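To keep things clear, I will list the structure first and then write my remarks on it.
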Ligand code: HEC
């Protein structure tokens, strides 16, 4: 029974995640994981920088720089690793959506 539940849960999860990759990248969905750290609406209450109010171009450049290891030093640990998981199209979609957060 437990195994059956696990299988059912995995299928449900796969079904809910798959459309994001199958269709065009959805910036709003992709950004949900970002906002766990960067605060609701991109406004961080703590030490992690806020990403609301940034321009689409700046966001795109910054994310690509993180991904390609061009942003080094203190401000490059978490994001350098994270950004590697995103394609150009996904970074475009993320930048476009996050730029709408004021
Ligand atoms: C695990 C927490 C975490 C997650 C998840 C996360 N970030 Fe970050 N982000 C950070 C931290 C911490 C920094 C500060 C630089 C560093 O240490 O890498 C940062 C820095 C940034 C910066 C540079 C901000 C500045 O003012 O210099 C941008 C842009 C950014 N993140 C965007 C994103 C996007 C887009 C996502 C989702 C794809 C994301 N982050 C997910 C923790 C996170």
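The values are calculated or read from the model by the stated rules, or taken from the named source; none is laboratory data. All figures in this text were calculated on a predicted structure; none of them were measured in a lab. Cβ sites come from the backbone with ideal geometry, for glycine too, and all protein chains shown count toward neighbours.
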Exercise for review: Kindly indicate whether residue 27 is more than 7 Å from the ligand (Cβ to nearest atom) and in contact (Cβ under 8 Å) with a residue 60 or more places away in the chain.
Suggested key: yes
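Every residue, every condition in (1) modelled with pLDDT of 90 or more; (2) in contact with a strand residue (DSSP E or B) (Cβ under 6 Å, 6 or more places away or on another chain); (3) part of a helix (DSSP H, G or I); (4) under 15 Å from residue 87 (Cβ atoms), yes or no:
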| residue | (1), (2), (3), (4) |
| --- | --- |
| 9 | no, no, yes, no |
| 14 | no, no, yes, no |
| 18 | no, no, yes, no |
| 24 | no, no, no, yes |
| 29 | yes, no, yes, yes |
| 50 | yes, no, no, no |
| 62 | yes, no, yes, no |
| 65 | yes, no, yes, no |
| 72 | no, no, no, no |
Check your understanding: Taking the stated definitions as given, is residue 57 part of a helix (DSSP H, G or I), modelled with pLDDT under 95 and more than 7 Å from the ligand (Cβ to nearest atom)?
Key -> no
